[in-house]
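> Pasting a structure here, questions to come.
The values are calculated or read from the model by the stated rules, or taken from the named source; none is laboratory data. All figures in this text were calculated on a predicted structure; none of them were measured in a lab. Glycine gets a Cβ as well: all are built from the backbone with ideal geometry, and neighbour counts include every protein chain shown.
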Amino acid sequence: MNSLYQRLKELDPDTFQKLCFHILRARYPRAGIRSVGGGAGDEGLDQFAGELDNAPVIWQCKSFSGGVGKSQKQQIRESLDRALNRFSPKKRIMCLSTDMDSKAHRWFQQLQRTYRDRVQIELFQGSEIVDELLYYRTIRNEFFPGAGIDVVELKRLAMRTAELTPEELENVTEANAESFIEKLKERDARFNYQLVFGGDQGPIQPTPQPGMIVSIADGKKAINVYARDHEALAADPPQLTLTIKGSGVSKFESLVKHGIPQEFLASELENVATDFAFIRPPKVTDGFKLIVLPRLPNAKTIKSRMTLGSGPDAIEYSLLELEPARIGTDEIELMSKSKLPFTLSVVISLKEGRAPGWKFSTHCVGHKVRDVRKFLRALAVIRSSGQVSLYDLETEAEFLHGRLVLSSPTKDDTVFREFIEDLSAIESRFNVSFSVPSTLSDDDLQTLSYLKAYMNGESLPINNIGIRLIKSEQNKDTVPKLLTGPGTLFLRNENPQAELFGTIINVGPSTISAEGSQVNDLEATLSLFEAAAIGQAVPIVFEPVGPVKFSLAPKTANP
């Protein structure tokens, strides 16, 4: 690992550029990334994706073995300016052969803020490159032969599989797995077995499955065991005996009374023995864990209707399916399984005098905005009245009723509600539909603010407005005069498009205007326009004087 960091810093600029190209091609195989040779690095790019004349994504590779100091920062800024003036990229990623220190990171973050209205700037530095090299073995071995012990190759040599094709190795692996499962069946044929390997997903954790009796995991693999011969198992069930001590006693009581799964540690167990034929006698060492889940009976799914609140403000969910999540001697928990932006949990006490306990767990990501908006309205109704009722759809009889007390909304809750309301308004105005995203990029936030400004006729502080003007016989003489003289900026677009969360939005006829503006780098822009051929698009960047007003043409009714 350390040798990879060191050898990465020792690469010459040309080799480092080639390494970055191969990593990027492996990470983004469908992006069509191209490497640029010759002196193109002087123009601020070493690799790119897309069309160079149409907002490409570009990468610049810098091999700075001694870190990022004053001169390196100057190089980064100069190459950035050259790239912006030459290509107008939508995203630019700086690839470094080392990691920035804290001072350099603060400088880089300020650089991102300074240029955020013109380009999205990202960083791909040494530690991230090493992380990719750990995964892409072929690239690592090509550029850094002997950088570390290749465990995979050693195993291949030991097992004589190094020369096998992927198809041949697949057949051998499948045959070995089948042989291992057959060995387990020979020990006890009353069960079916499933073998699961973790691979790149990390240590295997036992996951309960329908019909599973036990799962044995050692971190690399798990053996899941299912009942096959139910009659034979009922006549002679396998046994597991143990003694629970110390803190494990209270865990066992919680398991029985409340039906809550428990994890027993080695220090809480002793005298562990079993006659499961396929399990070797367990060694209760420090790493041993016994996870016990209570068995749930094959209970019927309850199809219900839920009403939140009362009167004209009540919110209703016409179908809410409930299933037992846990069953103990003292209480039962029902949990909803419907595909909604929340999960309802109801804990029903089996003792007299205790009211049901209600809880909503939210998971809005991936759900339609309209469904999330309805749920947020439901939470507001609950905060007002607190009433929750469940009705059996077969009988229409109320079988559970209670009051739910929710805490006041936090600042984050308020911000999220406003965000959902904004998305709902955009859906309605532009006839689109969204699902709630897991993350918001800077581009998404910027597009959201622009769309709100268009809808509300608002002004925004904009540092730069970039357009691409096609040179024609009609404008070749007038455009230079217009660009040179001061005046009001007024741009009309018949049907601009915006992209929000990957959805293309047709904004429709719209305008942006400012009381005054000036052209950035006027002399270079005029030279570029003069040198352009008729029909060629010329990039022009305006710097508005004061806020920029956005407006939409009135929405016409359908005839």
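> With respect to LEU491, determine if the residue is closer than 22 Å to GLU543 by Cβ and surrounded by 11 or more Cβ atoms within 10 Å (Cβ to Cβ).
So LEU491 passes the test.
> Give the residue that is surrounded by the most Cβ atoms within 10 Å (Cβ to Cβ), with candidates limited to residues of region 338-360 that are of a type in the set (Lys, Arg) and modelled with pLDDT under 90.
Per the criteria, the residue is ARG354.
> Across region 361-375, which residue is surrounded by the most Cβ atoms within 10 Å (Cβ to Cβ) among those that are in contact with a Phe, Trp or Tyr (Cβ under 8 Å, 6 or more places away or on another chain) and in contact (Cβ under 8 Å) with a residue 40 or more places away in the chain?
VAL369
> A follow-up question, please. Just to be sure, is SER250 at pLDDT 80 or above and part of a strand (DSSP E or B)?
No, not satisfied.
> Pick out the one residue from GLY457, GLY487 that is more than 39 Å from the chain's Cα centre (by Cα) and farther than 25 Å from ALA55 by Cβ.
GLY487
> Between VAL545, VAL541, VAL519, which is in contact (Cβ under 8 Å) with a residue 40 or more places away in the chain and among the β-branched types (Val, Ile, Thr)? I'd like the intermediate steps shown before the answer.
Numbers: VAL545 fails: in contact (Cβ under 8 Å) with a residue 40 or more places away in the chain; VAL519 fails: in contact (Cβ under 8 Å) with a residue 40 or more places away in the chain.
Selected residue: VAL541, the only one of VAL545, VAL541, VAL519 that is in contact (Cβ under 8 Å) with a residue 40 or more places away in the chain and among the β-branched types (Val, Ile, Thr).
> Check off (1) surrounded by 13 or more Cβ atoms within 10 Å (Cβ to Cβ); (2) of a type outside the set (D, E, K, R); (3) in a loop (DSSP other than H, G, I, E, B) for SER472 and give me the number that stays unchecked.
Of (1) surrounded by 13 or more Cβ atoms within 10 Å (Cβ to Cβ); (2) of a type outside the set (D, E, K, R); (3) in a loop (DSSP other than H, G, I, E, B), only one is false for SER472: (1).
For (1) buried (at least 17 other Cβ atoms within 10 Å of the Cβ); (2) among the basic types (Lys, Arg), each residue gets a yes or a no:
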residue: GLY37; (1), (2): no, no
residue: GLY50; (1), (2): yes, no
residue: GLN60; (1), (2): yes, no
residue: PHE87; (1), (2): yes, no
residue: THR98; (1), (2): yes, no
residue: LYS103; (1), (2): no, yes
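> Please give the helices (runs of 4 or more DSSP H) falling wholly within region 122-184 in which 2 or more residues are surrounded by 13 or more Cβ atoms within 10 Å (Cβ to Cβ), aliphatic (A, V, I, L, M) and modelled with pLDDT of 80 or more.
Those helices (runs of 4 or more DSSP H) span 126-135.
> On to the next question. Looking only at strands (runs of 3 or more DSSP E) that fall completely inside region 1-97, which ones have 1 or more residues that are free of Cβ contacts under 8 Å to residues at least 60 places away in the same chain, touching a Lys or Arg at 6+ places or on another chain (Cβ under 7 Å) and not assigned by TED's automatic domain parsing to the domain that holds GLN112?
Correct list: empty, since no element meets the threshold.
> Something else now. Taking region 317-346 as the region of interest, how many residues are not in a strand (DSSP E or B) and not β-branched (Val, Ile, Thr)?
The total comes to 7.
> Quick one: GLY259 ticks every box in (1) surrounded by 13 or more Cβ atoms within 10 Å (Cβ to Cβ); (2) on the phi < 0 side of the Ramachandran plot; (3) modelled with pLDDT of 85 or more except a single one, so which number is it?
The single condition GLY259 does not satisfy is (2).
> Taking the criterion of being in contact (Cβ under 8 Å) with a residue 40 or more places away in the chain and farther than 30 Å from TYR450 by Cβ, would at least one residue in region 101-113 satisfy it?
Within region 101-113 (the criterion being in contact (Cβ under 8 Å) with a residue 40 or more places away in the chain and farther than 30 Å from TYR450 by Cβ), the answer is no, since none of the residues qualifies.
> Continuing with the same structure: What residue, among those in region 511-527 that are among the aliphatic types (A, V, I, L, M) and assigned to a strand (DSSP E or B), is surrounded by the fewest Cβ atoms within 10 Å (Cβ to Cβ)?
First, pick out the residues of region 511-527 that are among the aliphatic types (A, V, I, L, M): 512, 514, 519, 522, 524, 526.
After this cut, where a residue has to be assigned to a strand (DSSP E or B) as well, the list is 512, 514, 519.
Working: ILE512: 22, ALA514: 20, VAL519: 16.
Step by step, filter region 511-527, then rank; the result is VAL519.
Conditions tested, residue by residue: (1) under 22 Å from SER254 (Cα atoms); (2) of a type outside the set (Val, Ile, Thr).
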position	(1), (2)
ARG326	yes, yes
ASP330	yes, yes
LYS351	yes, yes
TRP358	yes, yes
VAL365	no, no
ARG370	no, yes
LEU376	no, yes
ARG383	no, yes
GLY386	no, yes
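> Which members of region 385-424 meet the condition of being of a type in the set (Ser, Thr, Tyr) and part of a loop (DSSP other than H, G, I, E, B)?
Listed by number, the residues that qualify are THR395, SER407, SER408, THR410.
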